[in-house]
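If you scroll down you'll find the structure; I have some questions about it.
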Amino acid sequence: MSSTAKDRIRCELLNRRDRIPLDLRRQSSRKICLSLKKLIEERRFSRSLFYLNMRSEVETDWLVARQLATTCLVAIPRVEGKEIYPYQLTNLQTEINQHKWGMREPNPTICSPIDPESLDLVLVPGCGFDSRRYRIGYGGGFYDRFLQTCPQALTVGLAFDAQIVDQLPTQPWDHPVDLVLTEQRII
């Protein structure tokens, strides 16, 4: 599939997500995070990579704050060049910088880097996912490359149900996430 066709799909899925009213997006985000919290507790994950939402993504701050209050290690991705590196977060209010692309990420002068191979759970944002759990991201390949560094971790995509399609175009190097959580279902 051409990159233009993939860009059209990405744009359509982002438009779907952006059209979700703010109140509904917040309510749905809470449902998704409650499902994720239950999963974390049931499987006893102790070293998790969360992402800090931007724009209209599933809001994760509530769950990040809850996890920081436990004994679990909370890591947040930081973009350096064309790669993602996980850093341990201990305070959501004082250890975050704004990246030039708009995402919030850990301040590397305060936060400590984490070995990706030590993570047991990785949360993955996306423009959309399909029923086979393949994802379409923002087009930079950051998570595609990063996930290769932590094959032992359970990978969980967070999305609103409006971002789920039957089938996305895939390439031989694409790998599905292990689970996708929406406000309505677990895929």
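The values are calculated or read from the model by the stated rules, or taken from the named source; none is laboratory data. Quantities reported herein were computed from a predicted structural model and do not represent experimental measurements. Here the Cβ is made from the backbone with ideal geometry for all residues, glycine too, and neighbour counts use every protein chain on show.
Give me the pairs: first residue in the range 42-71 and in contact (Cβ under 8 Å) with a residue 24 or more places away in the chain and under 21 Å from ILE20 (Cβ atoms), second residue buried (at least 18 other Cβ atoms within 10 Å of the Cβ) and charged (D, E, K, R), beta-carbon distance under 8 Å, and six or more apart or on different chains, which are they?
From the range 42-71, the pairs are TYR51/GLU57; LEU52/GLU105; ASN53/GLU59; SER56/ARG17; SER56/ARG25; GLU57/ARG17; GLU59/ARG25.
Considering only residues that are modelled with pLDDT of 95 or more and assigned to a strand (DSSP E or B), which ones fall in the range 80-93?
GLU83, ILE84, TYR85, PRO86, TYR87, GLN88, LEU89
Sticking with this structure for a sec: Can you tell me which residues in the range 60-104 are in contact with a strand residue (DSSP E or B) (Cβ under 6 Å, 6 or more places away or on another chain), within 22 Å of ALA159 (Cβ to Cβ) and not aliphatic (A, V, I, L, M)?
Within the range 60-104, GLN67, PRO77, PRO86, HIS99, ARG104 meet the criteria.
Continuing with this model, one more query. Kindly indicate whether LEU39 is surrounded by 14 or more Cβ atoms within 10 Å (Cβ to Cβ), aliphatic (A, V, I, L, M), outside any loop (DSSP other than H, G, I, E, B) and in contact with a helix residue (DSSP H, G or I) (Cβ under 8 Å, 6 or more places away or on another chain). Talk me through it step by step, then tell me what you get.
Values: surrounded by 14 or more Cβ atoms within 10 Å (Cβ to Cβ): yes; aliphatic (A, V, I, L, M): yes; outside any loop (DSSP other than H, G, I, E, B): yes; in contact with a helix residue (DSSP H, G or I) (Cβ under 8 Å, 6 or more places away or on another chain): no.
So LEU39 fails the test.
Do you know which of the residues in the range 59-116 that are of a type in the set (Gly, Ala, Ser) and farther than 15 Å from LEU49 by Cα is surrounded by the fewest Cβ atoms within 10 Å (Cβ to Cβ)?
This residue is GLY81.
Turning to a different aspect of this structure: Of the residues that sit in the range 92-105 and are in contact (Cβ under 8 Å) with a residue 12 or more places away in the chain and over 17 Å from GLU59 (Cα atoms), which one is farthest from the chain's Cα centre (by Cα)?
Just the residues of the range 92-105 that are in contact (Cβ under 8 Å) with a residue 12 or more places away in the chain, to begin with: 92, 94-96, 99, 101-105.
Still in the list and also over 17 Å from GLU59 (Cα atoms): 94-95, 99, 101.
Details: THR94: 21, GLU95: 19, HIS99: 16, TRP101: 16 Å.
Selected residue: THR94.
So, one more: Residues to consider are ARG43, ARG8, ARG47; find the one that is touching a Leu at 6+ places or on another chain (Cβ under 6 Å), over 18 Å from PRO125 (Cβ atoms) and modelled with pLDDT of 95 or more.
Details: ARG43 fails: touching a Leu at 6+ places or on another chain (Cβ under 6 Å); ARG8 fails: touching a Leu at 6+ places or on another chain (Cβ under 6 Å).
That would be ARG47, the only listed residue that is touching a Leu at 6+ places or on another chain (Cβ under 6 Å), over 18 Å from PRO125 (Cβ atoms) and modelled with pLDDT of 95 or more.
Restricting to the range 22-57, name every residue that is under 12 Å from the mean Cα position of the chain (by Cα) and acidic (Asp, Glu).
Answer for the range 22-57, where residues must be under 12 Å from the mean Cα position of the chain (by Cα) and acidic (Asp, Glu): just GLU57.
Across the range 94-106, what is the number of residues that are out of contact with any Lys or Arg (no Cβ under 9 Å at 6 or more places or on another chain) and modelled with pLDDT of 95 or more?
Total satisfying the criteria: 3.
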